Amino acid sequence: MALADDLNSKVIEIFATNWKERQGRQVPEAPEVQLGNDAVTLQGAVLYADLAESTELVQNHKPQFAAEVYKAYLYCASKIIASEGGVITAFDGDRVMGVFVGEGKERAAARCALKVNHAVVKIINPALEKKYPTLAYKVKQAVGIDTSALFVARTGIRGSNDLVWVGRAANYAAKLCSLREGGYASWITKDVYDSLDDSTKNSKGSAMWEARTWAARNITVYRSSWTWTP
C-alpha cells in the first residue's frame with residue numbers, strides 16, 4: 001500500500017472510531033493507554049518549567065556550556081517535581097512537564113514552582129558564577145501552572161508514540177511560562193490560587209502571590225518572585 005493510501009485510511013479510521021474513556025486516579029503511563037481511540041480522564045494540575053532565552057544561550061555560548069545549563073536546570077526541576085509527588089510526563093528541549101493528581105495537587109504544584117525558583121536563584125546561578133566568573137550569564141526561567149479536567153490519549157505510531165494531554169491545564173500551563181517578568185518566575189491561574197491554603201499563599205504574614213491580568217485571555221492570574229527552600 002502506498003504511504004498516501006495508508007495515511008488516508010488511518011485518518012478515516014481515527015475520525016470514525018468511537019472513543020473508549022475511563023476515569024483515572026493516577027497519571028497513566030503510555031502502555032496503559034491503547035493506540036486506538038482510547039483515553040483516560042482525570043483531574044490534574046499541570047506544571048511546565050521552562051528555561052528562558054534558550055536560543056540566545058545556544059547562539060552565544062559554547063555547546064558544552066549550554067548543555068551544562070540545560071542539564072542543571074532540568075535536573076533540579078525534575079527532582080523537585082518528583083519530590084512533591086508530581087509525575088514527569090514530557091521533556092521538550094528546554095522545558096519539562098509535570099502532572100499532579102489527588103488531594104492537594106494545586107498546593108504541591110505551587111510549592112514546586114517556588115522551589116524551582118529557589119534552585120535557580122540560590123543554587124544554579126551561584127554555581128555558574130563561581131565556575132565561570134567572566135561570563136555575564138544568569139539562568140532565567142518560568143514555571144506555569146493550571147488545573148482542569150484532562151483527557152489523556154496515546155498518539156504516534158507503534159514503536160514510536162507518547163501520551164497527549166488534552167485540556168485547558170496543559171495548554172495554559174505551557175503558555176503562562178511566556179509571561180515571565182523580571183524576577184517573577186512563578187505563574188498560576190486563579191483556579192490554582194483559589195485551591196491554595198494559607199501556607200502556600202502567605203509567608204509570615206506577607207502575600208507570596210499578586211494578581212495580574214493575562215491580557216491575551218482576559219483572565220486573572222497570579223505571579224510570584226518568592227523562593228521556597230527544597
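Can you tell me which residue within the range 180-208, out of those that are among the acidic types (D, E) and without any contact (Cβ under 8 Å) to a residue 12 or more places away in the chain, is surrounded by the fewest Cβ atoms within 10 Å (Cβ to Cβ)? If you could, list the steps in order and put the result at the bottom.
Narrowing the range 180-208 to residues among the acidic types (D, E): 181, 191, 194, 197-198.
Then keep just the ones that are without any contact (Cβ under 8 Å) to a residue 12 or more places away in the chain; that gives 194, 198.
Working: D194: 12, D198: 7.
This residue is D198.
Would it be correct to say that A211 is over 17 Å from K115 (Cα atoms), at pLDDT 95 or above and loosely packed, with under 12 Cβ neighbours inside 10 Å? So A211 fits the description; yes. Reported count of residues in the range 177-220, each being touching a strand residue (DSSP E or B) at 6+ places or on another chain (Cβ under 9 Å), hydroxyl-bearing (S, T, Y) and assigned to a helix (DSSP H, G or I), is 2. Among the residues making up the range 157-170, those that are surrounded by fewer than 19 Cβ atoms within 10 Å (Cβ to Cβ), of a type outside the set (A, V, I, L, M) and touching a residue at least 12 places away in the same chain (Cβ under 8 Å) are R158, N161, D162, R168.
The residue that is surrounded by the fewest Cβ atoms within 10 Å (Cβ to Cβ), among those in the range 32-63 that are small (G, A, S) and not in a strand (DSSP E or B), is G36. Only one entry in D146, D92 is at pLDDT below 95 and either under 13 Å from the mean Cα position of the chain (by Cα) or of a type in the set (F, W, Y) (or both), namely D92.
When the range 1-31 is limited to residues that are of a type in the set (D, E) and part of a helix (DSSP H, G or I), the one that is nearest to A82 (Cα to Cα) turns out to be E13. Taking first residues from the range 90-110 that are more than 16 Å from V27 (Cα to Cα) and in contact (Cβ under 8 Å) with a residue 60 or more places away in the chain and partners that are of a type in the set (S, T, Y) and assigned to a strand (DSSP E or B), the Cβ contacts under 7 Å between residues at least 6 apart in sequence or on separate chains come to R95/Y48.
How many residues does the range 64-89 hold that are more than 30 Å from T134 (Cα to Cα), within 13 Å of the chain's Cα centre (by Cα) and surrounded by 15 or more Cβ atoms within 10 Å (Cβ to Cβ)? I'd like the intermediate steps shown before the answer.
To start, the set of residues in the range 64-89 that are more than 30 Å from T134 (Cα to Cα) comprises 81-89.
The next check asks that each one be within 13 Å of the chain's Cα centre (by Cα); those that pass are 81-82, 86-89.
With the extra rule that they be surrounded by 15 or more Cβ atoms within 10 Å (Cβ to Cβ), the set shrinks to 81, 86-89.
Of the residues in the range 64-89, 5 are more than 30 Å from T134 (Cα to Cα), within 13 Å of the chain's Cα centre (by Cα) and surrounded by 15 or more Cβ atoms within 10 Å (Cβ to Cβ).
If we scan the range 121-144, do we find a residue that is over 17 Å from D50 (Cβ atoms), touching a Ser or Thr at 6+ places or on another chain (Cβ under 9 Å) and of a type in the set (S, T, N, Q)? No: the range 121-144 contains no residue that is over 17 Å from D50 (Cβ atoms), touching a Ser or Thr at 6+ places or on another chain (Cβ under 9 Å) and of a type in the set (S, T, N, Q). Only one of the listed residues (A142, A174, A127) is closer than 22 Å to E210 by Cα and in a helix (DSSP H, G or I). That residue is A174. With respect to the conditions (1) more than 27 Å from G183 (Cα to Cα); (2) modelled with pLDDT under 95, G102 falls short on a single one, namely (2).
The values are calculated or read from the model by the stated rules, or taken from the named source; none is laboratory data. Note that this is a predicted model, so its numbers are computed, not measured. All Cβ positions, even for glycine, are placed from backbone atoms using ideal geometry, and neighbour counts span all protein chains on display.
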